[in-house]
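Here is the structure we will look at.
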Amino acid sequence: MFLQIFALFLPFMILFRALVFLSFAVVFPAFGQRPPIPAGQIVGSETCRDCHEEMVEQWEKTAHATSLEKMLSSDKAIEIAAAVDIQPAEIPMKASCVRCHFTQEDLAGTAQTTMAVSCESCHGGAIDWIEEHNRKHVSRQSRVDASVALGMSHPESILSISKSCFECHVVDDEQLVNHAGHPAVSDGFEILSWYSGEVKHNFLVGGSASSVKTHVSDPQPIPQERKRMLYLNGKLVHLAYLLQSLARATDAPVDRNGEFIRLPNGDFTYAVQLARAIKRVECDLEDALHFVAVPEYDEALALIRSIRLETGKEAELREASATVFRLAELFCEKRTGSQFTAIDPLLAKLDLREAD
C-alpha cells in the first residue's frame, strides 16, 4: 500500500523539486556557448610550455592544435565558406568561427589568429590568473583556488571542464547551421571517450596538498572514479546545453506536409538535429540507470518527458535547461565516483577518440 501511494505522488514530488530549482534560476551560473576570448586575455601556449612542456607537446599532436591548417582545407570548411560567401582563408577572422575554432593574440595592438583550439580555449584566458597559477611558495590547492577565482577553468572541477567542452561542441547559432551547413552538434561527441583519448594530457603526479607536482614522461591514466564522474555528469551537462540551444531555434523544422525539412547538404535542420541529440542523451540516461541509481537522472528524465521538443517554446526550454544544469551542479556537489562502480562495464564499451 505504501509503495502504491509513493508511486502516485512521485511525479508531483519531482515536479515540485523542479519548480523549486526554477524559482532560483536567477542565481544559476551563466552557461552557454562563449563569445571569443579577448585577444588581450591570451598569454599563449609558449607561456604554458615554460612549465608544462610535455603537456604542450601532447596538445600539438591533437586535432585541437592542428586544425588551424587542416580544417581550412577540409571539404566541410570550403562548403561553409561558400555558403556565407567568404574564402576559407577568411574563416579564422570571423568571430562566429574564432570563438570555438581559433585563438587570437594581441600582436602590436591588433587581434590576430595565431592558434587553433589552444590551452586557453579550454582553461580560459590566462592574463588575470597566470601569476597566481605560477606561485610556487604556496600550497597547490591555494594556487588552484586563487586561479579559479580569477577565471581559470581548472580540470580539478568536473563541472568546469565539462562546460569547457560543451560550450563549443553544442552550437547555439541556428543560422550557422541552417544557412551555412555547420553541424549543430559535434558528430559522435561523448565527453569521456574524447577526454580519455587524444585530449588526455596530464603528465603530473604528486599529492594534492603538495606545492608542486612532479612531471613524468608519459600521460597519466585517468582515475576510474574520475571517469565515472565525467561520464555521468557529462550527460546532464550535455542535455542542459542541448535544451538551451533548442530554445533559440525559430525556423520551422517541417514543411506543409509535415515532412522534416532537409538542408541543401542533406542534413536535418538545426532544431531537428538538436532534438535528435536530446533523444540520444535521454537513451543514455536510461541505459545508465540499468547499472546505477542516479536520482538526478530520474529528475532530468521526468522533466524532458514532460515537454515537447519543438520550436517556439523558448521560455519553457530555457527553464528546463537551467533545471538540468542545476541537477548537474548538485550531482557534482553530492556524488563521488566511488558510488558508481557498477557503471564500469558500460564505460568499458566506449571507444576512445584518438587523433586522425
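The values are calculated or read from the model by the stated rules, or taken from the named source; none is laboratory data. Not measured: the values here are computed from a predicted model. FYI the Cβ positions are ideal-geometry reconstructions off the backbone, even for glycines, and counts take in every protein chain you see. For accessibility, only protein heavy atoms count, side chains too; no ligands or nucleic acids. Shrake-Rupley method; radii C 1.70, N 1.55, O 1.52, S 1.80 Å.
Helices meeting the span-like rule in the chain (full DSSP H runs, Cα extent of at least 18 Å along the helix axis, mean Kyte-Doolittle score of -1.0 or higher): 2-23, 224-247, 270-289, 314-334. Taking 14 Å as the cut-off, the amide N atoms of segment 334-356 that come nearer than this to a point 7 Å along the Cα-to-beta-carbon line of Ser74 belong to 354-356. Accessible area per residue was computed with a 1.4 Å probe on protein heavy atoms; Glu329 scores about 20 Å². Per residue, the average separation of C-alpha pairs within less than 8 Å and at least 6 apart gives the chain a relative contact order of 19 percent.
What is the Å³ per residue value for the convex hull set by the Cα atoms of segment 129-245?
Looking at segment 129-245, the number lands at 130 Å³ per residue.
The Cα-based radius of gyration and maximum Cα-Cα distance (Dmax) for segment 197-356 are 19.2, 65 Å. Per-residue SASA remark: Glu286, around 60 Å² accessible (1.4 Å probe; ligands, DNA and RNA not included).
Across segment 290-356, the volume of the C-alpha convex hull divided among the residues equals 155 Å³ per residue. Note on the chain: Cα convex hull, mean projected area over all directions, 20.8 nm². Amide H contacts under 5 Å for Met115: Thr103, restricted to partners 5 or more places along the chain or on a different chain, H placed in the peptide plane at 1.01 Å from N. Which chymotrypsin sites (Phe, Trp or Tyr not before Pro) does segment 251-356 hold that lie in a coil by DSSP with at most 16 other beta carbons within 10 Å? The qualifying sites are Phe291. Eigen-decomposition of the gyration tensor built on the alpha-carbon atoms of segment 156-207 gives equivalent ellipsoid semi-axes of 29, 12, 8 angstrom, largest listed first. Calculated on the alpha-carbon coordinates, the convex hull of segment 67-175 measures out at 126 cubic angstrom per residue.
Quick one: grab the alpha carbon gyration tensor of segment 23-128, order the square roots of its eigenvalues as a ≥ b ≥ c, and give me rounded if a/c is under 1.5, else prolate or oblate depending on whether a/b is larger than b/c.
oblate
Cα centroid separation, segment 294-350 to segment 103-167: 27 Å.
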